[in-house]
Amino acid sequence: MKSVENFAIFLLIFGVSSVCSHRHHLNKNRKPHWFDENNGNSGPFYGQPEQVHLAYGGSPDKVIITWVTYDDTIDSIVEYGIERMNQEVRGSASLFVDSGAKQTKRYIHSVVLENIQGGKRYFYRVGSDYGWSSVFSFIGLQERPNGGYRYAVYGDMGNVNARSLGKIQKLAQNGDFDVVLHVGDLAYNMDTVCLKMIS
């Protein structure tokens, strides 16, 4: 019986350690793999931003913008503004290596916008000199006339049999929500021993 327990523990430890993903913050003064000081035309192979999303920054006047690239672009930049994109904020990046057989690398970029005015529409794009996203917009969070905010709360919607998706899309496009609170299954559990933050 003891040998079965030991074997089960071995499988658990080996299985967990063999599927672990890693993420670590990148130094701002780094030299990426593609950098060549003798070649002014060197650059990343996959510098186009993808998966751009917004998050609440802890107060109504802060917004966090995050995106992914499949190569190190050195810079993490958001250009934004109310009528034109005349402001720029630089952020940071971290390297995420997944646990799949290919050990795919993704560079996760994050920028915090501050002093966002409630009720104003902001236009923005993310990226670097090696690739820019499309231009997106958001409206600064503002209380409704009779107070408070209107939330959409959901989780684990999936993309197969997502029966509520059409209704949520229409209500969001009509401005019926101020905030979306996604309560789970947006990604796999990122709070396990398998996802390590390496400094």
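A few points about this structure:
- Taking every residue in the stretch 47-68 that is under 22 Å from residue 142 (Cα atoms) and pairing it with any residue that is hydrophobic (A, V, I, L, M, F, W, C) and part of a loop (DSSP other than H, G, I, E, B), at least 6 positions away or on another chain, the pairs with Cβ-Cβ distances below 6 Å are 60/141; 61/116; 63/116.
- Any chance residue 101 is touching a residue at least 40 places away in the same chain (Cβ under 8 Å) and either closer than 24 Å to residue 45 by Cα or of a type outside the set (Ser, Thr, Tyr) (or both): no
- Qualifying positions in the stretch 49-61 - part of a loop (DSSP other than H, G, I, E, B) and either buried (at least 16 other Cβ atoms within 10 Å of the Cβ) or of a type in the set (S, T, N, Q) (or both): 49, 57, 59, 60
- Residue match in the stretch 134-150 (condition: at pLDDT 95 or above, under 17 Å from the mean Cα position of the chain (by Cα), closer than 18 Å to residue 92 by Cβ and of a type outside the set (A, V, I, L, M)): no
Residues are listed down the side, and each one gets a yes or a no for (1) outside the structural domain of residue 34 (by TED's automatic domain parsing); (2) closer than 22 Å to residue 36 by Cα; (3) among the aromatic types (Phe, Trp, Tyr); (4) outside any strand (DSSP E or B):
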site	(1), (2), (3), (4)
67	no, no, yes, no
73	no, yes, no, yes
85	no, no, no, yes
88	no, no, no, no
96	no, no, yes, no
100	no, no, no, yes
111	no, no, no, no
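- Within the stretch 119-177, strands (runs of 3 or more DSSP E) holding 2 or more residues that are in the same structural domain as residue 88 (by TED's automatic domain parsing) and surrounded by 15 or more Cβ atoms within 10 Å (Cβ to Cβ): 121-128, 136-139
The values are calculated or read from the model by the stated rules, or taken from the named source; none is laboratory data. Note that the structure is predicted; figures quoted are calculated from it, not measured. In this analysis, Cβ positions are derived from the backbone assuming ideal geometry, glycine residues included, and neighbour counts consider all displayed protein chains.
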